[in-house]
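Trainee: Dropping a structure here in structure tokens format, bear with me for questions.
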Amino acid sequence: MQDRELYRQILGIESPWKVERVDLRRADGEVHVFLEHDEQVRWRCPQCNAECALHDHQPERRWRHLDTCQYRTILHAQPPRSDCHEHGPRVVRLPWAEASSRFTALFEALAISWLREASQKGVAELLALSWDEIHGILERAVERGLTRRGTEPIPHLGVDEKSFRKRHRYVTVVNDLDRSRVLFVSVGRRKASLDGFWETLSAGQLTSIEAIAMDMWDPFVASTREHLPDADQKIVYDKYHIAAQLSKAVDQVRRAENKLLRASGDERLSGTKYAWLRHPANFTEDAWREFRALRESDLKTARAWALKETAMRLFDYHRESAARAFFELWRGWASRSRLTPMVAVARMLTARLDNILTYLKHRITNAVSEGLNSRIQWVKATARGFRNQQNFINAIYFHCGGLDMAPAH
Ligand SMILES: [Zn+2]
């Protein structure tokens, strides 16, 4: 039959497999291709690769394949079991699909390449797949990718947290800062959330870690101290997190002062919130001139702002001794400021100073490359469609893990 040979070639079916029958179900828009194998074939045990006789067949299974001429194409076959002397009856490896999949390898490869570009919903519609099928393909892809990962050195890491859906639901993310990829994702932001990461590393990778950036968040610090040798020399508190803490304190000063001023009809601070929070480099020249009267005023907010901007100069130093002397001056100034939020933040930075100054040696922050960041943001933005946290985690690995996820074949 000519169509059998045609389908054998189109589907790439190779000996000992052949197309036994092609059943076109026009009304359903489906073509069903039934595969059989030659008699007298020796099969390889999937465990030890030894040549064995046929033991028996499993009941017929189906695999969705790439469409042919817009017909949904479904392969049918009875998977043979090899009769290994050592391992007994085992289902042999089939050339068109991985063991657990209801799709052929080519179909999964197509779905994976679409999922890289389009939303899960879009791909589900395009390929007529259910949510569960989409998530299955995604999960297997990530699993393959993680298994294939090498044990190359990972000198610079960043531990971060991402909020998921509503407030107070988090995932912990470990980034490889050198290769701009996500290495690890887990639920929550507790110590246990990070503990799982260390188990994924080889001994060589663990010793290759030179520095790890993180927020001033004790559960992450505790996990790192427990698992990473010489952690105290390697933990670097993120510069941007420190800036955020200082900004928060400035904003507290501004809110309190604004309230008092407005009570006496003074509107100087009204509508100025973002000027105090903006990085000086991000002002236009005009805006900076306009801001001058405020920042040079005798307002408490202006003093708090000057404290914040001065503190950030710490990160320009290269020698630790000079940085320590500078910080000591700043700390004295802050603690005499009588601005309660600034006094509190100065106390916190003093307690954390050793792992703030590690920045001078390692010069890393938690900020990831623009490319990785926009991909993470995209996954977050489309997170609404994810029914649970595991789907969200898989999507982060899928889009940001830099993984080799194609089905084997
Ligand atoms: Zn065997």
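Trainee: Looking for something assigned to a helix (DSSP H, G or I), touching a Phe, Trp or Tyr at 6+ places or on another chain (Cβ under 7 Å), outside the structural domain of Arg140 (by TED's automatic domain parsing) and within 26 Å of Lys234 (Cα to Cα) - is there at least one such residue anywhere in the stretch 341-349?
Mentor: The answer is no; no qualifying residue exists.
Trainee: Yes or no: His87 without any contact (Cβ under 8 Å) to a residue 40 or more places away in the chain, within 16 Å of the ligand (Cβ to nearest atom) and farther than 18 Å from Leu11 by Cβ?
Mentor: Spelling it out, it is not the case that His87 is without any contact (Cβ under 8 Å) to a residue 40 or more places away in the chain, within 16 Å of the ligand (Cβ to nearest atom) and farther than 18 Å from Leu11 by Cβ.
Trainee: Restricting attention to the stretch 206-220, does a residue exist that is of a type outside the set (Ser, Thr, Tyr), in contact (Cβ under 8 Å) with a residue 12 or more places away in the chain, under 22 Å from Arg363 (Cα atoms) and out of contact with any strand residue (DSSP E or B) (no Cβ under 8 Å at 6 or more places or on another chain)?
Mentor: Within the stretch 206-220, one or more residues are of a type outside the set (Ser, Thr, Tyr), in contact (Cβ under 8 Å) with a residue 12 or more places away in the chain, under 22 Å from Arg363 (Cα atoms) and out of contact with any strand residue (DSSP E or B) (no Cβ under 8 Å at 6 or more places or on another chain).
Trainee: For a quick check of your reading: which helices (runs of 4 or more DSSP H) sit entirely within the stretch 137-240 and have at least 2 residues that are under 19 Å from the mean Cα position of the chain (by Cα), of a type in the set (Gly, Ala, Ser) and on the phi < 0 side of the Ramachandran plot?
Mentor: On the way: elements: 191-199, 203-208, 218-227, 231-234.
Passing ranges, in order: 191-199.
Trainee: Then there is this: Could you list, ordered by first residue, the pairs with Cβ atoms under 8 Å in which the first is in the stretch 366-382 and of a type in the set (Ser, Thr, Tyr) and the second is surrounded by fewer than 18 Cβ atoms within 10 Å (Cβ to Cβ), at least 6 apart or interchain?
Mentor: So the pair list comes out as Ser369/Ser180; Thr382/Ser119.
Trainee: Does the stretch 107-115 include one or more residues that are within 16 Å of the ligand (Cβ to nearest atom) and surrounded by 15 or more Cβ atoms within 10 Å (Cβ to Cβ)? Steps first, please.
Mentor: To start, the set of residues in the stretch 107-115 that are within 16 Å of the ligand (Cβ to nearest atom) comprises none.
No, the stretch 107-115 contains no residue that is within 16 Å of the ligand (Cβ to nearest atom) and surrounded by 15 or more Cβ atoms within 10 Å (Cβ to Cβ).
Trainee: Looking at (1) among the hydrophobic types (A, V, I, L, M, F, W, C); (2) within 20 Å of Phe398 (Cβ to Cβ); (3) out of contact with any helix residue (DSSP H, G or I) (no Cβ under 7 Å at 6 or more places or on another chain), which is the only condition Ala192 fails?
Mentor: Among (1) among the hydrophobic types (A, V, I, L, M, F, W, C); (2) within 20 Å of Phe398 (Cβ to Cβ); (3) out of contact with any helix residue (DSSP H, G or I) (no Cβ under 7 Å at 6 or more places or on another chain), the lone unmet condition for Ala192 is (2).
Per-residue answers, yes or no, for (1) surrounded by 14 or more Cβ atoms within 10 Å (Cβ to Cβ); (2) of a type in the set (Gly, Ala, Ser); (3) over 23 Å from Leu260 (Cβ atoms):
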residue	(1), (2), (3)
Trp305	yes, no, no
Phe315	yes, no, yes
Ala323	yes, yes, yes
Asn355	yes, no, yes
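Trainee: Give me a count of the residues in the stretch 210-233 that are touching a Leu at 6+ places or on another chain (Cβ under 6 Å) and of a type outside the set (S, T, N, Q).
Mentor: 2
Trainee: Just wondering, is there one or more residues in the stretch 47-61 that are more than 16 Å from the ligand (Cβ to nearest atom), within 26 Å of Leu6 (Cα to Cα) and either among the small types (Gly, Ala, Ser) or under 34 Å from the mean Cα position of the chain (by Cα) (or both)?
Mentor: For the stretch 47-61, residues more than 16 Å from the ligand (Cβ to nearest atom), within 26 Å of Leu6 (Cα to Cα) and either among the small types (Gly, Ala, Ser) or under 34 Å from the mean Cα position of the chain (by Cα) (or both): absent.
Trainee: Related question: Show me the helices (runs of 4 or more DSSP H) found entirely inside the stretch 257-332 where at least 2 residues are among the β-branched types (Val, Ile, Thr).
Mentor: The qualifying helices (runs of 4 or more DSSP H) are 300-311.
Trainee: Does the stretch 65-84 contain any residue that is within 16 Å of the ligand (Cβ to nearest atom) and either without any contact (Cβ under 8 Å) to a residue 12 or more places away in the chain or over 41 Å from the mean Cα position of the chain (by Cα) (or both)?
Mentor: Checked the stretch 65-84: at least one residue is within 16 Å of the ligand (Cβ to nearest atom) and either without any contact (Cβ under 8 Å) to a residue 12 or more places away in the chain or over 41 Å from the mean Cα position of the chain (by Cα) (or both).
The values are calculated or read from the model by the stated rules, or taken from the named source; none is laboratory data. In this text, all values refer to a predicted model and were calculated from it rather than measured experimentally. In this analysis, Cβ positions are derived from the backbone assuming ideal geometry, glycine residues included, and neighbour counts consider all displayed protein chains.
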